[in-house]
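Notes follow the structure.
The values are calculated or read from the model by the stated rules, or taken from the named source; none is laboratory data. Computed from a predicted model, the values in this text were never measured in an experiment. All Cβ positions, even for glycine, are placed from backbone atoms using ideal geometry, and neighbour counts span all protein chains on display.
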Amino acid sequence: MFTRAGRKVKILSERPQRILPIIILSQFSGTSLWFAGNAVLGDLQQQWQLGDAALGYMTSSVQLGFICGTLIFAFFMISDRFSPRNVFFVCSLLGAVANVGILVAPGSLMSLLALRYFTGFFLAGIYPVGMKIAAGWYRRGLGQALGYLVGALVVGTAFPHLLKSTTGSIPWQNVIVTISALAALGGVLILLLVPDGPNAVKGTKFNSRAIAIIFRSKDLRSASFGYFGHMWELYALWAFFPIFITAYGAAASQMLNVPFWSFVVIAAGFLGCAGGGHLSMKLGSPRVAFFQLLISGICCLLSPLLFHAPPAVFLAFICLWGITVVGDSPQFSALTAQTAPLELVGSALTIVTCIGFLITIFSIQFASYLLNFLAAEYIFLFLIPGPIFGLINLWPLYRKSV
């Protein structure tokens, strides 16, 4: 028999193994709100008489909401003043309410943008706070744990496309309700099954001086600018993948299930995140991030040639692209944390993340604008500068790791 102290030690040693899957599931559930509007946009465009530009505006609204939420949460130290699991729970519920609000909205573009903005705002209390909850339980192996959590974000982001692909003729309203219910469930799971971790620490007060440090510190600048190049590509690719796949199907006279393949391609990023986390233990984060960013950049360059490839090659290629385009994301976060001054880690991560998501707004809007002049097969060529910029800036850290 164990003594009471012995039982306590045993529980604490086993608990992280049970808790991480719950956090991953909750992270997946909450972040499914991210592209919920994208999955049903076709229906909204028909019923609400929205133009083609609605895709860019709607996706950018979520990004802007996330940026504002992240800054406000950091400035007021919300997840330090209150239990992170309570913050996660409340934001999951409020995000679900903002998402389901589409059902009672007046049916205009402005109402849609407002609701997607607030959805993004509350996602700032789900995605980053979920990582903070994990950090409270994991001191060793945190990098791998974060790889799985970013992977959960990826699958959650892709999930609305899968739901749309399998619902057939079911009304789009059911897709929205299902995703909102799933997000709320994720919050409940965190609240009931994940207590605050033994390693939970208070974050330092948000310090805007970190902005200057980012540009002065050579290593931190290398990690941050590499991340910025990565973000120029990532969300624009995710947002316009359905259009790219649709255009290929039309050109090749193939009947492709666009929502399903959009899910597969985006969700494939889980393999890049989780696999990259394991590889980083042996190769180091700079090398893993560098090669994944290099491969995704090559995919950008070759993307127009895919329209001359048979369907099997096309689908395999875009799945590889989906794996590598986001697989470097956890490694950039790790590099930012490793290269920032200890007292400014939290502020540096916040600022770098916000700048990165601000960049996604410009790339998404630029892609939307280019579709007025370019065929869809050429739309991803404009993403190439992102990986090139990222690789050039990441090179110093890569050389150090070799």
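Hand me the list of helices (runs of 4 or more DSSP H) wholly inside region 144-256 holding 1 or more residues that are within 30 Å of F307 (Cβ to Cβ) and within 24 Å of the chain's Cα centre (by Cα).
Numbers: elements: 172-193, 210-216, 218-251.
The qualifying helices (runs of 4 or more DSSP H) are 172-193, 218-251.
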- Note on the structure: Those residues of region 358-387 which are among the aromatic types (F, W, Y), in a helix (DSSP H, G or I) and surrounded by fewer than 22 Cβ atoms within 10 Å (Cβ to Cβ) amount to F362, F366, Y369, Y378, F382
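Conditions (1) closer than 27 Å to A348 by Cα; (2) among the small types (G, A, S); (3) surrounded by 19 or more Cβ atoms within 10 Å (Cβ to Cβ), marked per residue:
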| residue | (1), (2), (3) |
| --- | --- |
| L149 | yes, no, yes |
| L153 | yes, no, yes |
| T166 | no, no, no |
| L182 | no, no, yes |
| I211 | yes, no, no |
| Y235 | yes, no, yes |
- Being modelled with pLDDT under 90 and among the aliphatic types (A, V, I, L, M) is the filter here, so list the residues in region 171-206 that pass it. A200, V201
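In the list L335, L279, which residue meets the criterion of being surrounded by fewer than 24 Cβ atoms within 10 Å (Cβ to Cβ) and either closer than 23 Å to T59 by Cα or not basic (K, R) (or both)? Even if it seems obvious, please write down each step before you answer.
Details: L335 fails: surrounded by fewer than 24 Cβ atoms within 10 Å (Cβ to Cβ).
Of L335, L279, the one residue that is surrounded by fewer than 24 Cβ atoms within 10 Å (Cβ to Cβ) and either closer than 23 Å to T59 by Cα or not basic (K, R) (or both) is L279.
When you look at P259, is it within 21 Å of V40 (Cα to Cα) and under 21 Å from the mean Cα position of the chain (by Cα), yes or no?
yes
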